[in-house]
Each structure stands twice: as C-alpha cells, then as structure tokens.
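The values are calculated or read from the model by the stated rules, or taken from the named source; none is laboratory data. All values derive from a computational prediction rather than experimental measurement. Here the Cβ positions follow ideal geometry from the backbone for every residue, glycine too, while neighbour counts run over all protein chains shown. These accessible areas exclude ligands, DNA and RNA; they are computed on the full protein's heavy atoms, side chains included. Shrake-Rupley method; radii C 1.70, N 1.55, O 1.52, S 1.80 Å.
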Amino acid sequence: MAFECHKETGNLSSNLEDCVQDPWDEEVAPAQFRTYDELKKGDSNSNSGKEEAQIVPVSSSGSQNQALVGSADNSISDHCPTIIDLPAALVSEILLWLDAKELGIISCVSTLLQKLAADHQGWKNFYAERWGLPLGPISYDSAIVQKEKSWKDLFVDREFRSNAFMGRFSTDILYGHTEAVRSVFLLSSAKIILTAGYDCIIRIWGIEDGLLISSSRPLGCTIRAVTADADLLVAGGTDGFLQCWRAVEGLRHLFDITGSQNQSSDFRLWEHVGPVTCVALDEARIYSGSWDMTVRVWDRSLLKCLKVLRHSDWVWSLVPRGGTVASTAGGVVYVWDIDTGDLVAVIQNPHVGTTYSLARNQTGDVFFTGGEDGGIKMFEMKNDGEEKKFDQIASWGQHSSKVHSLAFEFPWLVSASSDGKVSLRDVRKLFRSSKASKISKAKPKGAASQGMEVPRMLHGFNRSIFSVDIGADRIVCGGEEGIVRVWNFSQALEIDRRVQALRSVRLENRMRRKKAQIEMNNKGARNAHCSAKKNQVNGNGSGVLYSRGGASAKLKA
C-alpha cells in the first residue's frame with residue numbers, strides 16, 4: 001500500500017470525483033447534498049491551525065482508487081439523508097402508515113414534521129374509523145365547532161370525551177311510559193332520546209334536562225324498534241309496518257310526531273308479514289328486520305323495497321356498515337352485500353341458543369354478539385382470498401341471563417340483559433392487539449381471551465332490560481319496568497377538564513420559576529466575574545498581575 005501526499009486542497013478536490021463513489025448519487029437529487037468544496041471549507045473553518053496536507057492511501061492496482069479522506073468523510077457521514085430531506089408529499093404518504101399515537105409522537109421531532117402531522121389527512125381517517133364522519137356540525141356543550149378546527153383537534157377532543165365514562169356519573173329517570181320500554185335510541189347530534197314500547201307511543205326527550213319534548217299518537221301496536229338521523233325517523237311495529245316521519249322542512253332534527261297526518265312527512269311502508277324487530281338507517285337506505293325471516297332494504301327517496309334478504313329463522317338484530325349489512329337470525333350471524341344481496345360470510349352458532357343482539361365498529365370489520373347464554377363475543381372479519389372468514393378475538397360471560405341489546409361507541413361496549421344489569425367495557429386494547437396481528441400475521445395476544453379488564457357494572461333495575469344506547473357522555477336504557485334510565489357522565493368530563501387546567505397552570509408556574517432561577521444564576525455569575533476583576537491588582541509594571549493575597553504575602557516576606 002502506497003501513500004500519496006496532497007498538499008493543495010484544489011488538487012484533492014479534483015481527485016475526489018474519481019476516488020469517492022456516492023451510493024446516494026443515483027437515488028437522491030444532488031441538490032440535497034453539499035459539495036466537497038463546501039464540506040472542506042466548513043472543516044477548514046472549524047479546524048483552523050491544523051495541517052492542510054492529508055495522507056491518502058492509494059491501492060497498488062491503480063484500477064479504482066478508493067480515497068479515505070479524513071475530515072471530508074466525517075462531514076459526509078454527518079449529513080446522512082433523513083425523512084425531512086424527502087418531498088413533503090412523499091412524507092405525507094409515509095405518515096399514513098402510522099397510528100394516532102405514533103403520528104402524535106413524530107410531530108415532536110421537528111417543526112417540519114409538526115406542521116405536516118398537525119394538518120395531516122390521517123387524523124380525518126382516525127376519526128372516521130372510530131366514530132364515523134359527522135353528518136353535520138359537531139356540537140360540544142352547546143358550542144358548535146368551527147369549520148376552521150383541524151381534524152387533529154376534533155380527534156383529540158373526542159378522545160378526551162370518551163375517557164369520561166371512567167369517572168363519576170349521576171342518574172336520571174324519565175317517567176312517561178305506561179308499559180315496558182322495548183327500544184331506546186340516542187341521537188347525539190340533536191341531543192334527544194327516542195323511546196318506544198308496549199304502550200304503542202313514541203316519545204322524544206331532551207338529553208340536557210330530561211323533559212318530554214313530544215309524543216306520538218297511539219300507533220295501534222307494540223313498537224319494538226326505533227331509529228333516526230337528521231332527516232328521518234323510523235319505527236317498526238308488530239303489525240309489520242314501518243312508521244316514518246320526515247323532519248320539518250328547513251329544520252333538521254325537528255320531527256312533528258304529534259298526530260297531524262301529512263302524507264309528505266308522515267307515512268308508512270308495508271311489506272313485512274310479521275312483527276318488525278329491528279330498523280336502521282344510512283344516507284341512502286332504510287333497513288328493517290322481521291319475524292317473517294327477512295331483512296328488507298328500502299330506498300329512502302323512492303320509498304320502495306330494493307332487496308329482500310331471506311333467513312332461516314326470526315331476525316332479531318341488524319347493523320349496516322359500508323357496503324354490507326349484518327343480521328342475526330336464530331343462532332347464526334349473517335353478512336350480506338347490500339348492492340347484490342349476496343351472502344358474504346356467516347358465523348355459525350356463536351352462542352348456546354339464540355343470538356339476540358349485534359353491534360359493529362365504524363369500519364364494519366369487528367363484530368360484537370350477545371346471546372341467550374348471557375355471553376358476549378368479539379369477532380374480526382378478515383379476507384381469506386376471495387372469501388371472508390371470522391376470527392374470535394375475545395369472549396365474556398358477565399351476564400347471568402340473555403343479552404337483549406348491545407351498543408358500541410369506541411372504545412366502549414355496552415350490554416343490557418334480562419338480569420337487570422348494564423355492563424360497560426373498554427375494548428381499546430383488543431383493537432390494538434387485532435391491529436398488531438394484521439401487521440405480524442400472527443394470532444393476537446388477547447385472542448379468544450376471557451376479557452382483559454373487569455367491566456363496569458351499572459345496577460338499578462329489578463327486572464329485564466330490553467334496550468341500551470350510548471353517546472353524548474351518556475348511557476340510556478329501558479326495560480320491563482316501563483321507565484327510561486339515563487347515566488350522565490358529563491360531571492366526570494368537567495372534573496377532567498378542571499384537572500387538566502390545573503396541570504397546565506402548574507406546568508406554566510414551574511417553567512416560570514425555572515426561567516427566573518436561570519436568570520438569577522446568570523446574574524450571580526456576572527456579579528462574581530465583575531468582583532473578580534476588581535480584586536485583581538497590577539504588578540511591577542512588567543505586565544504581571546498579582547492577586548491581593550499574593551501581594552500581601554510578598555510584603556510580609
């Protein structure tokens with residue numbers, strides 16, 4: 001191995017192109033890197049006073065000289081490409097692969113990533129996956145969120161509110177029904193509660209004050225199901241009809257159900273030949289299930305039946321999500337394609353006996369079932385080639401009797417049973433393990449578990465509970481006693497907000513005290529430096545300085 005000494009920087013720079021092969025040269029634009037002259041100039045400024053000559057080893061073959069330049073090589077290695085060197089559009093695509101927690105963490109790395117992460121489209125996707133996209137303005141505590149508010153802020157607010165169900169609550173009882181309540185529905189966007197039952201009357205209640213807003217005329221039969229959105233209210237009766245009310249023109253969420261039979265706003269749909277047990281809505285369709293062993297799909301604008309999905313037993317529950325509608329009939333869970341009416345997947349006998357209740361997440365791939373055996377099970381629907389299959393994620397047996405109703409709002413699963421109890425369970429950890437299994441293609445750690453956390457049991461009923469719903473910081477249920485019970489968790493939300501405000505004040509005070517302490521320390525250091533200069537005395541005129549102690553010692557000598 002021979003060595004060659006380059007004494008001139010220009011000569012070294014001219015030979016660098018032949019000696020150093022840049023592995024990033026073909027994949028990254030050259031404008032993203034500094035030239036060697038710039039690197040060398042920076043090193044010469046930082047290492048002034050050192051020799052300019054560099055010892056460069058040269059291979060004896062002389063075919064492809066590999067130059068190991070000391071300071072230049074260190075500078076090149078210090079400027080390794082990072083994610084912030086990529087175009088903003090490409091970084092935004094990479095951020096789509098992160099979950100909400102990871103996206104929040106990466107926003108703390110740099111100002112560029114903070115800006116990209118704060119306004120990232122991923123926050124809208126996270127919100128839609130958990131709670132669905134809002135159909136209208138989002139209202140929190142009677143204050144409408146402005147359009148300028150980012151999806152990240154909306155996500156953080158909703159996540160913060162979901163934690164209220166872990167805190168304190170107050171209980172309200174709504175009296176008005178004269179017989180058992182078969183169905184309750186909480187319309188969070190309008191802050192109203194819909195109830196119906198054996199007394200053949202639908203009632204609308206206000207969430208905030210619990211007062212009765214409106215009552216329908218007697219409909220002539222038991223109402224076993226009721227649902228609504230901003231424009232339409234639908235109820236299913238045991239006589240096989242769907243009673244529908246359109247919202248007052250120009251006033252969304254306002255339904256005139258008092259008795260004025262206006263055909264444009266008050267109408268019935270007849271085709272079922274048995275009692276209607278469940279109803280649901282989406283933006284374009286009405287869904288109804290009946291003991292005539294069918295699920296019917298209706299067009300909302302044409303008011304015509306589009307599809308008839310036939311089952312082998314009585315239909316007890318249905319939930320539409322995306323392009324599919326799931327239903328329970330007998331002991332089987334069916335999943336149907338809405339457009340074609342084809343059967344997509346089946347869960348055979350998830351419970352001992354009849355499967356009465358069903359709930360799904362917003363994306364439609366996670367199912368919760370409740371059965372006659374008092375158990376609750378969680379399944380995930382996955383693609384297996386062209387077919388779909390179900391994996392059981394967890395199962396619980398907290399009820400001692402049949403589970404009549406399930407409701408889900410991420411991350412809380414609520415169940416109501418004939419044992420007179422309401423169960424509240426946090427399932428977010430099971431969602432995390434399910435997501436991890438998709439990435440690793442392994443069975444989740446909590447698969448088929450008996451429950452990761454003890455549920456919160458809400459008591460107060462002495463008889464069966466037939467229906468339950470969750471939303472707007474409240475849980476609503478109705479049952480055989482003929483009353484509607486509301487658990488209000490807004491008190492816990494206010495407590496959490498006060499605690500968070502106190503933490504912010506403490507953090508601000510701590511930072512203020514720390515800043516004041518630093519300023520005092522700097523001021524003390526400056527005073528000490530000034531006093532040290534005053535204590536210095538001149539020597540014998542030769543430029544030698546003596547301290548005051550040294551001068552006194554010399555005089556004594």
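The distance between label points at ASP391 and ARG456 comes to 3.0 nm (points 7 Å beyond Cα on the Cα→Cβ vector). A 1.4 Å probe over all protein chains sorts TYR175, TYR198, TYR334 by accessible area into TYR175, TYR198, TYR334, starting with the largest.
First check a/c for region 285-357, with a ≥ b ≥ c the square roots of the eigenvalues of its C-alpha gyration tensor; if it is under 1.5, answer rounded, and if not, answer prolate when a/b is larger than b/c or oblate otherwise. If you can, show how the numbers build up before the last one.
Working: a/c = 2.29, a/b = 1.72, b/c = 1.33.
Prolate, because a/c is 1.5 or more and a/b exceeds b/c.
In this structure, LEU254 and ASN125 have a Cβ-Cβ separation that, at R0 = 30 Å, corresponds to a calculated FRET efficiency of about 0.40. Given R0 = 41 Å, the distance between the Cβ atoms of ILE173 and GLU519 translates into a calculated FRET efficiency of 0.10. Accessible area per residue was computed with a 1.4 Å probe on protein heavy atoms; THR171 scores about 70 Å².
When all protein chains stay in place and ligands, DNA and RNA are ignored, the 1.4 Å accessible-area order of TYR127, TYR356, largest first, is TYR356, TYR127. Over region 81-134, how many percent of alpha carbon pairs lie in each 10 Å bin up to the one with the longest distance? Reading upward from the zero bin: 24, 56, 17, 3, 0. Each 5 Å bin, from zero up to the one with the longest distance, holds this percent of the alpha carbon pairs of region 233-390: 2, 9, 18, 20, 19, 14, 9, 6, 3, 1, 0. Legend: Rg and Dmax of region 167-290, from Cα coordinates, 14.1, 46 Å.
Subtracting the Cα-Cα distance of ARG512 and VAL273 from their residue separation scaled by 0.36 nm leaves 78.7 nm.
Shape class of region 241-326 from the Cα gyration tensor (axes a ≥ b ≥ c, square roots of the eigenvalues): prolate, since a/c reaches 1.5 or more and a/b is larger than b/c.
If the limit is 20 Å between Cα atoms, which of LYS377/LYS429; LYS152/LYS515; LYS149/LYS429; LYS101/LYS429; LYS101/LYS124; LYS101/LYS152 go over it? Checking Cα-Cα distances, LYS152/LYS515; LYS149/LYS429 exceed 20 Å.
Spacing of the modelled spin labels on ILE105 and ALA118, each 7 Å from Cα toward Cβ, amounts to 2.2 nm.
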